[in-house]
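K.L.:
Mind looking over this structure? Questions follow.
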Amino acid sequence: MTRTPRSSPWWDATRHADRRPALLARNRIQAALRGWFASQDFVEVDPCALQVSPGNEAHLHGFATSAIGNDGVAHPMFLHTSPEFAMKKLLAAGEAQIFALSHVWRNRERGPLHSPEFTMLEWYRAHAPYDRLMADCATVLRLAVQAAGSSLLRYRDRTCDPALEPERLGVAEALERHAGIDLLATMDARGETDARALAAALHRQGIRTAPDDSWSDMLSRVLADRVEPLLGLGRMTMLDRYPAAEAALARRVPQDARLAERFELYACGVELANGFGELTDPAEQRRRFELEMDEKQRIYAERYPLDEDFLAALSLMPPASGIALGFDRLVMLATGASRIDDVLWAPVADLSDQT
C-alpha cells in the first residue's frame, strides 16, 4: 500500500485507499450495533437536528442559524449538540427503549479526537437503573472490535481488552488514587462546592491554579491532566458518581446528595461515553440550566435559550437512564486509527489550514 502525506486532501485517491479499510469497518460496526439494539427490542429514532436550544451546558458551544417562517420573520435556531432533548420528549410520549445514530455539531472543537460534526450513538432505557447502561457499554465495545476484525481497542501505544471485566471507579476515589486529592472535603453535605478548598488541595500537589478558576475549572483540569490518561488501560473503566455540581442532567445518588448518577466510559485513556440516571424534575432542571447559562455568560459572554417544551416534557417523562457515546471515537479505537478524520467518510474542512 502506498502511503500519502497527511497533507493530501481526504479525497486524494491514494489517501482514500489508505483510509478505506477503516471506513468499511465503520459500516460493519454500525450494522452490528443496529442489529444488537434491534435484538434488545430498541426502536431506532431519527431526531431533527434543528432545535430552539443546542443544549444548556456551560462549555458546550452550538452552531447558530435562523429559520425564516412563512411570515418572513427570522427565528433563532441551533444545530443540536446532542439528540437528548428530542429523545427525552419521545420518552414522555410513551417510548420505552430508543436509540439514535445522529450527526451532532459542537463549535470550538477540532483535534485528533474532535470534529465539529460527528456521530453520536445515544440510547435510553425507561424504568432501568443507570448501571444497566454500563453492561450495555461493555457489549457495545465487544461488538465493535469483533466487527472491525480485531480483539483489542487501540489508541497510540495504549490498548484495552473489551473482553475483560470493566473497572468501576468513583470520581472521588480516582482523584485520591491518581492525584492525592480529597475531593469530597471540598463539598458540603448538600453538594455545594468550595473553590478555595480545592485550590489549596491542588497547590499541595504542585498543581497550579488561576485566580479566576472556578471549582469546576479546577476539577476539569486535574481530571484531564492526572486522571483520564490512566483510565481504560488494559480494561475499560467506568468513572462513576460524578459530583452533583458536574451533572446538570442527572439524578443525585440517594445515599449521598454530594454525588450524582453519572458515569463516563474510558478505553485507552479516551473518553467514549457519558451516561446518566436521568433527572426528571422540571423545576430542578430549570434551576441547573440557569446556573449553567450564568457560568457560560461569565466565561464566554453568551447564553443559550432554554427549550421550554423540553422542560414541560420532563414532568411526563418516566424514570429512565440514558447515555451518549462518541461513535467515531469507538471506530477509531476499534480500527487503531490515530485521528478522528481517518474514520469519517467525508471530514469537515479544517478552515484553519486554509488561512
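The values are calculated or read from the model by the stated rules, or taken from the named source; none is laboratory data. In this text, all values refer to a predicted model and were calculated from it rather than measured experimentally. When we count neighbours, we look across all protein chains shown, and the Cβ atoms used for this are built from the backbone with ideal geometry, even at glycine. Protein only, heavy atoms only, side chains kept; ligands, DNA and RNA dropped before computing areas. Shrake-Rupley method; radii C 1.70, N 1.55, O 1.52, S 1.80 Å.
K.L.:
Show that you can apply the helix-only estimate: for the chain, add -39,500 (n - 2.57) for every DSSP H stretch of four or more residues, divide by all residues, and state [θ] at 222 nm to the nearest 500. Before the final figure, lay out the partial values.
P.N.:
Details: 9 runs with 117 residues, N = 355.
That calculation yields -10500 deg cm²/dmol at 222 nm.
K.L.:
A follow-up question, please. Put a dot 7 Å past each Cα toward the Cβ at ALA210 and HIS127; how far apart are the dots in nm?
P.N.:
Distance between label points: 4.9 nm.
K.L.:
Just to confirm my numbers, what's the Cα centroid distance between segment 74-111 and segment 172-203 in Å?
P.N.:
33 Å
K.L.:
In a shell of Cβ-Cβ distance under 12 Å around ILE323, excluding ILE323 itself, what net charge do Lys and Arg (+1) and Asp and Glu (-1) give?
P.N.:
Its environment carries a net charge of -4.
K.L.:
Where in segment 51-112 are there trypsin sites (Lys or Arg not before Pro) that are in a DSSP coil and have at most 11 other Cβ atoms within 10 angstrom of their Cβ? Show your work: numbers first, answer last.
P.N.:
On the way: sites: LYS88, LYS89, ARG106, ARG108, ARG110; in loops: ARG106, ARG108, ARG110.
Qualifying residues, ordered by number: ARG108.
K.L.:
While we're here: Using only the Cα atoms of the chain, build the gyration tensor, take square roots of its eigenvalues as a ≥ b ≥ c, and label the shape rounded, prolate or oblate: rounded if a/c is under 1.5, else prolate if a/b is larger than b/c, else oblate.
P.N.:
Details: a/c = 1.33, a/b = 1.15, b/c = 1.16.
In terms of gyration-tensor shape, rounded.
K.L.:
Report the extension gain between GLU192 and LEU24 in nm, rounded to one decimal, defined as 0.36 nm multiplied by the number of residues separating them, less their alpha carbon distance. Before the final figure, lay out each step's value.
P.N.:
Details: separation 168, 0.36 × 168 = 60.48 nm, distance 4.80 nm.
My answer for the length gained is 55.7 nm.
K.L.:
Here's another thing I want to ask about it. May I ask you to derive the relative contact order of segment 252-355, considering only C-alpha pairs under 8 Å and at least 6 residues apart, and to give it as an integer percent? Mind showing how you got there, number by number?
P.N.:
On the way: 88 pairs, mean separation 24.6, N = 104.
The normalised contact order for segment 252-355 reaches 24 percent.
K.L.:
Once you mark the chymotrypsin sites (Phe, Trp or Tyr not before Pro) that are in a DSSP loop and have at most 11 other Cβ atoms within 10 Å, what is the longest gap between them in the chain?
P.N.:
Details: sites that count: TRP11, TRP345.
Result for the longest clean stretch: 12-344.
K.L.:
Pairs of Cα atoms under 8 Å, at least six residues apart: use those to get the relative contact order of the chain, whole percent. Spell out each step's value before the answer.
P.N.:
Values: 668 pairs, mean separation 79.1, N = 355.
Relative contact order, the chain: 22 percent.
K.L.:
Over the chain, with a Gaussian network built from C-alpha contacts below 10 Å, which listed residue (ARG196, ARG258, ARG142) shows the highest mean-square fluctuation?
P.N.:
ARG196
K.L.:
Let me ask something else about it. Between SER39 and ALA185, what length in nm is gained on full extension when 0.36 nm per residue of separation is reduced by their alpha carbon distance? Mind dumping the intermediate values first?
P.N.:
On the way: separation 146, 0.36 × 146 = 52.56 nm, distance 4.51 nm.
The span from SER39 to ALA185 would gain 48.1 nm if fully extended.
K.L.:
Continuing with this model, one more query. Mind giving me the FRET efficiency for ALA301 and LEU351? R0 is 25 Å, r the Cβ-Cβ distance, nearest 0.05 is fine.
P.N.:
Values: r = 23 Å, r/R0 = 0.91.
Given R0 = 25 Å and the Cβ-Cβ separation, E is 0.65.
K.L.:
For the chain, give the percent of accessible area contributed by carbon and sulfur heavy atoms, probe 1.4 Å, rounded to a whole number. Mind showing how you got there, number by number?
P.N.:
Values: 8240 of 16290 Å².
C and S fraction of accessible area: 51 percent.
K.L.:
Which net charge results when you count Lys and Arg as +1 and Asp and Glu as -1 among the other residues whose beta-carbon is under 15 Å from that of ALA148?
P.N.:
Values: positive: ARG19, ARG20, ARG26, ARG28, ARG142, ARG154, ARG329; negative: ASP161, ASP328, ASP342.
Summing Lys and Arg as +1 and Asp and Glu as -1 gives +4.
K.L.:
Net charge near GLN255, counting Lys/Arg +1 and Asp/Glu -1 over other residues with Cβ under 13 Å of its Cβ? Walk me through the numbers before you get to the answer.
P.N.:
On the way: positive: ARG241, ARG251, ARG252, ARG258; negative: ASP256, GLU261.
Computed value for this residue: +2.
K.L.:
Another question about this same structure. Taking R0 as 51 Å, what's the FRET efficiency between ASP281 and SER8 from their Cβ-Cβ distance, rounded to 0.05? The partial results should precede the final answer.
P.N.:
Details: r = 52 Å, r/R0 = 1.03.
Using R0 = 51 Å, I get an efficiency of 0.45.
K.L.:
Let me ask something else about it. Is there a quick way to get the dipole size of the chain? I mean about its Cα centre, with the Cβ of Lys and Arg at +1 and of Asp and Glu at -1; what is the value in debye to the nearest 20? It would help to have the intermediate numbers written out before the result.
P.N.:
On the way: 41 positive and 51 negative charges, 212 e Å.
So the magnitude is around 1020 debye.
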